[in-house]
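Contents: one structure, followed by commentary.
FYI, it's all coordinate maths here, none of it is from the lab. Not measured: the values here are computed from a predicted model. Here Cβ is always computed from backbone atoms with ideal geometry, including for glycine, and neighbour counts include all displayed protein chains.
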There are 4 protein chains.
Amino acid sequence: MTLPAPLTGVVPPVCTPLTPDREVDVPSLRRLVDHLVAGGVDALFVLGSTSEVAFLTDRQRRLVVETVVEQVSGKLPVLAGVIDMTTPRMLDHVGAVTAAGADAVVATAPFYARTHPAEISRHYRLIAERATIPVIAYDIPVAVHTKLPAGLVLELAADGVLAGLKDSSGDLGGFREVVTGARVLPGFTTLTGSELIVDAALALGAHGAVPGLANVDPHGYVRLDRLCRSGDVERARTEQERLCALFGMVTVGDPARMGGGSAALGAFKAALHLRGVIACPATAEPQIPLSPEEVERVGKYLAGAGLL
Amino acid sequence: MTLPAPLTGVVPPVCTPLTPDREVDVPSLRRLVDHLVAGGVDALFVLGSTSEVAFLTDRQRRLVVETVVEQVSGKLPVLAGVIDMTTPRMLDHVGAVTAAGADAVVATAPFYARTHPAEISRHYRLIAERATIPVIAYDIPVAVHTKLPAGLVLELAADGVLAGLKDSSGDLGGFREVVTGARVLPGFTTLTGSELIVDAALALGAHGAVPGLANVDPHGYVRLDRLCRSGDVERARTEQERLCALFGMVTVGDPARMGGGSAALGAFKAALHLRGVIACPATAEPQIPLSPEEVERVGKYLAGAGLL
Amino acid sequence: MTLPAPLTGVVPPVCTPLTPDREVDVPSLRRLVDHLVAGGVDALFVLGSTSEVAFLTDRQRRLVVETVVEQVSGKLPVLAGVIDMTTPRMLDHVGAVTAAGADAVVATAPFYARTHPAEISRHYRLIAERATIPVIAYDIPVAVHTKLPAGLVLELAADGVLAGLKDSSGDLGGFREVVTGARVLPGFTTLTGSELIVDAALALGAHGAVPGLANVDPHGYVRLDRLCRSGDVERARTEQERLCALFGMVTVGDPARMGGGSAALGAFKAALHLRGVIACPATAEPQIPLSPEEVERVGKYLAGAGLL
Amino acid sequence: MTLPAPLTGVVPPVCTPLTPDREVDVPSLRRLVDHLVAGGVDALFVLGSTSEVAFLTDRQRRLVVETVVEQVSGKLPVLAGVIDMTTPRMLDHVGAVTAAGADAVVATAPFYARTHPAEISRHYRLIAERATIPVIAYDIPVAVHTKLPAGLVLELAADGVLAGLKDSSGDLGGFREVVTGARVLPGFTTLTGSELIVDAALALGAHGAVPGLANVDPHGYVRLDRLCRSGDVERARTEQERLCALFGMVTVGDPARMGGGSAALGAFKAALHLRGVIACPATAEPQIPLSPEEVERVGKYLAGAGLL
């Protein structure tokens, strides 16, 4: 299907359920898609950081896109990450996800290799030249170790290279520059990747949100989005604060024992397992699993948010 | 062939010559292999950072390993990088390079995904468990944004997980801790990735070097290695300083216009082109090419080093 | 005077006008204070980063506090930065600014020396133990290279160590955790240091803002603050966007020639000079001055915002 | 006295002994000076990072310089750090240490404030213009968060601005560029700040070393220096490795409980206390002290090195 321009609302970065031996758990992935659709979300983003894209083999990536596209069967647009180190490798992923039925690609700046704004520009221009579906830039400095400059994003938007921006930089001031600057480009989509300041991002004009926690509580984020759109500032803030409290689950993992990524993804998957959506909470190797006590604390967060 | 344990001497990270349309230039790659073999090097390392591994598609990576393995035809061991974001993706590369005939794999810590020492340990253990050829750790913080702790490397070495370390961290004090600590593990290989302090690394006990500049001047690095081994400190330092001066070529690219990686790889390839080894100096997309004036300055570095 | 608890509204970090030979320009400083008071601001913050505190000698720092305290003569509270590397040195500044009449101190985490959360905690506890006026934590990772963890701030707030937080981290999600968590501590003050997202910070519950740009346009930030408090979301956003556009002046300085700090402080001072508030736009050594053309562009930003 | 040009040999960064209530322990400082002089060192560096300069008040800094200058009474040159955020503040320290009898100043790039190569250049030029004693640049990115570019150091050296470089960057390749490039400037001094690669730095042409661990074992570093100068590579390496093993004491502090700086300085002071040189091992606030068990482990390192 054609991607709405702009795309608005809640676009969960879909977790990738795994079996105990770390294969894609297709039935669980189908149930997760149904759970998100039932939650009222506006589109799905597969193969993002929350999807453990960095851990999935090419074969698994293909299976994920095909499964989600088939399961959602045209009810919602499907965006797909094409995360890899540089342009030529990303172009291979562009081909694969397009063939598998994705409606847009989401692409980071180059990483591993040292880069430069002129190279980032060339990177996106080459991708857009070759892609047959819209290209959305993914600004995620914590992963790629460079920040997309607002001016560069706006220039690429004005040139028709980029169809949108997913901002996971945490820098709302910089994101605002893109959101405000893109008002003259009516179809350009601006999405925040934050779980914690969706209300603030929408208030300053962003079109939507891609919160990892929306896997766990899609209804909450959809409610938040609708409250923001209706101008009900007070109730929006209350809903946002409930979701911020729920997001506390990402801290249950012991930082002496595991990284922050393992802890956050482990918590989301534990929550989806506890809620009965997926069959197994395993995260991909070499991530460290949560302990039973840590999983129990995830359950308390769910209970506190009225989700168990 | 079986990897020597330890592997000693000069192990160039082989550049990947490209055609003007950015395909692997197989005849040039064969000539480059011959040039390095003729230079007297002790092994070849393909698919490293200097090989532009981050820019090569899986198909191109396979072609590179196959070509080099065939061209070197058992005269020298071939190490192959398996650079990718995490364990499952790296394991796919381990399979591919092993099938293509590599004699050892060289693996970084996970990147893009946030990581943790416990996860890095698990990562290498899983790779070693599945690999049928030796695993060498690649410490390159500038690319992966974490530093391999010396204690962790030594623990994995003692457990038989790692067969060696290629240190591109620039931190000679930390590398020394591994080199000294690994003396009780006679087969463990320690290689510096520096162009500039090979003499210092060998003096403190490292087994060899993996200098990108050895593509351009293999004879120089081999001479340096032999002078170091024979204890001829003065002449070794003089040779090292000649190579340091030659390395100045990596600064010809204008930092206002391109990244440091583009500049360095562009200079190495321009030099190989000027020396008649490869047919085309192109670097992979989205790197910015050197200007004609910058290429001319590369030529002056070659002339200054007696290589033109 | 006693610091309001919480302190609300607009608290400009007062620029330090300098003479051409880099002495504190006392008459200009007095005029700047009057300009800010006339603009309706709610308190003054001297010796912050925007005040060029890092460049002022101890003698100059004392002169600044004494001048501002005298000029404001009790009409508004005066907060004073005590920026230095570690606790013992900061305690000297605490003594000095208290003697000079400041109503609160604003203290960063230790810097230059490597630090640790346990040491940051000890640092603030020692300062609060010795200070006779309230202590406000200053979270400014771009300067001190550590981020104050929200949990630590809340713990120190609950223990009565900290009276408030000035957040210049750019991380609104993390700041929200403090703002929300501090609701049970009614006197605790939360201030954003951002120029660009004051509306968002106030909307999520922050008490006020410390925008450097309020030196240039205090009326604008006061208007923004009042619009936010009255719930006039639309007009608040319009005013905020006007100020965001004005803030563009910090980019006039050529990044090839000067640092971002020089550019921003140079632009603020050029604007104050063009508006007739201060006699000389000089910034402290070794900062690079704006060129005449760059100053002209600052003038265009002022004109565009209706301030010339 | 006049600073030798170049200054060669071992230049310990003198620890600052403190009393239990964190005042400068003058008698212990005198004993430490005598201990270092007896160890055969070639000069003393006070108010460096190892001296806890970041923690000392201006009054304490003055007392340190006066005490050391008086105690050493012209037998050795005394270099003094003038560590502060920017030029104007450093110039105050230049005046103070010069009045107190220092023979040279050691100055970092600006920190806290964002900076730029052009500003760093201006900074050193202003300091040199005003100082009446030689100025040595201190490259310590871990503290100031910028790296001094080799080209800039050489330019300032050629212009007579800098009399030397103390390199604590850990980047031996970059240091080599300065050492080699400065050969045409016969009086320019190059000193490594590393404990672990003194032999390597001297081998490539550095004039001397400023190892913090030389407080604990000055005889060892002097022996190492003399072995290197006499070309006895084997015995030099053995001595260096003994000192590397001794340096392991900096890891006894529990990283979950304290920062790396607290751990290293705590270990040096514990060792000096155990060796009977200083009366109290206290480090300045807000550093966390070593536990009794950790101090015991320091003792084992001393015993292992034959120093107890």
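Using a Förster radius of 45 Å, what is the FRET efficiency between A:Arg59 and B:Asp254 based on their Cβ-Cβ separation? Nearest 0.05, please. Could the numbers behind the result be given before it?
Details: r = 42 Å, r/R0 = 0.93.
Working from the Cβ atoms, E equals 0.60.
Going by C-beta contacts inside 10 Å, put D:Glu285, C:Glu52 in order with the fewest on the left.
Numbers: D:Glu285 20, C:Glu52 23.
Listed from fewest to most nearby Cβ atoms, that is D:Glu285, C:Glu52.
Would you mind working out the magnitude of the charge dipole of chain A relative to its Cα centre, with +1 at each Lys and Arg C-beta and -1 at each Asp and Glu C-beta, to the nearest 20 Debye? Spell out each step's value before the answer.
Numbers: 27 positive and 33 negative charges, 38 e Å.
That gives a dipole near 180 debye.
Dividing the alpha-carbon radius of gyration of the protein assembly as shown by 2.2 N^0.38 Å (N being the number of residues), what value is obtained? It would help to have the intermediate numbers written out before the result.
Working: Rg = 30.4 Å, N = 1232, 2.2 N^0.38 = 32.9 Å.
This ratio for the protein assembly as shown stands at 0.93.
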Requested in this report: Using DSSP, restrict attention to beta bridges with both residues in the protein assembly as shown and report what percent are antiparallel, rounded to the nearest 5.
Outcome: 5
Query raised in the report: Which residue of chain A is nearest the rotation axis onto chain D, counting by its Cβ, and what is the distance in whole Å?
Result: A:Ala256, 3
**Report entry** Inter-centroid distance (Cα atoms) of the stretch C:180-238 relative to the stretch A:177-217, Å
**Finding:** 21
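Where a ≥ b ≥ c are the square roots of the eigenvalues of the C-alpha gyration tensor, would you call the stretch D:9-232 rounded, which needs a/c under 1.5, or, failing that, prolate if a/b is larger than b/c, or oblate? All intermediate terms of the calculation are to be shown ahead of the outcome.
Values: a/c = 1.68, a/b = 1.09, b/c = 1.54.
Oblate, since a/c reaches 1.5 and b/c is not below a/b.
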**Report entry** the stretch A:1-96: trypsin sites (Lys or Arg not before Pro) in DSSP loop, at most 13 other beta carbons within 10 Å
**Finding:** A:Lys75
Query - Across the identical copies, how the B:Thr238 labels are spaced - nm, sorted shortest first, 7 Å along Cα→Cβ - result: 3.0, 7.9, 8.4
Query raised in the report: At B:Lys300, with labels set 7 Å past Cα in the Cβ direction, how many nm apart are the copies from this one, shortest first?
Result: 3.7, 5.8, 6.8
Query raised in the report: Taking springs between alpha-carbon atoms closer than 10 angstrom, which of A:Ala100, A:Ala118, A:Ala150 fluctuates most in the Gaussian network model of chain A?
Result: A:Ala118
Query raised in the report: What is the antiparallel percent of DSSP beta bridges lying wholly in the stretch D:9-232, to the nearest 5?
Result: 5
Report summary line: Listed residues B:Thr132, B:Thr146, B:Thr16; largest mean-square fluctuation, Gaussian network over chain B with Cα springs below 10 Å, found at B:Thr132
Query raised in the report: Cα gyration tensor of the stretch B:1-105, axes a ≥ b ≥ c as square roots of the eigenvalues: rounded (a/c below 1.5), prolate (a/b > b/c) or oblate?
Result: oblate
Query - In Hz, Karplus ³J(HN,Hα) per residue of the stretch D:26-42 (6.51, -1.76, 1.60; θ = phi - 60°; x = Gly, Pro) - result: 4, x, 5, 4, 4, 5, 5, 4, 4, 4, 6, 4, 4, x, x, 5, 9
Report task. Put a label point 7 Å from Cα along the Cβ direction on D:Lys147, then list its distances to the equivalent points in the other copies in nm, shortest first. Result -> 1.2, 2.1, 2.5
Report task. For chain A, with a Gaussian network of springs between Cα atoms less than 10 Å apart, report the residue from A:Ser291, A:Ser262, A:Ser49 with the top mean-square fluctuation. Result -> A:Ser291
Query raised in the report: Which value in nm describes the separation of the simple spin-label points at C:Glu296 and D:Glu296, placed 7 Å from the Cα toward the beta carbon?
Result: 7.5
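Nothing charged except the Cβ atoms of Lys and Arg (+1) and of Asp and Glu (-1): what's the magnitude of the dipole of the protein assembly as shown about its Cα centre? Round to the nearest 20 debye. Numbers along the way, then the final one.
Numbers: 108 positive and 132 negative charges, 0 e Å.
About 0 debye.
Place a +1 charge on the Cβ of each Lys and Arg in the stretch D:1-103 and a -1 charge on the Cβ of each Asp and Glu, then give the dipole magnitude about the Cα centre in debye, rounded to the nearest 20. Please list the in-between numbers first.
Values: 8 positive and 12 negative charges, 10 e Å.
It works out to roughly 40 debye.
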Query raised in the report: Cα gyration tensor of the stretch A:37-166, axes a ≥ b ≥ c as square roots of the eigenvalues: rounded (a/c below 1.5), prolate (a/b > b/c) or oblate?
Result: prolate
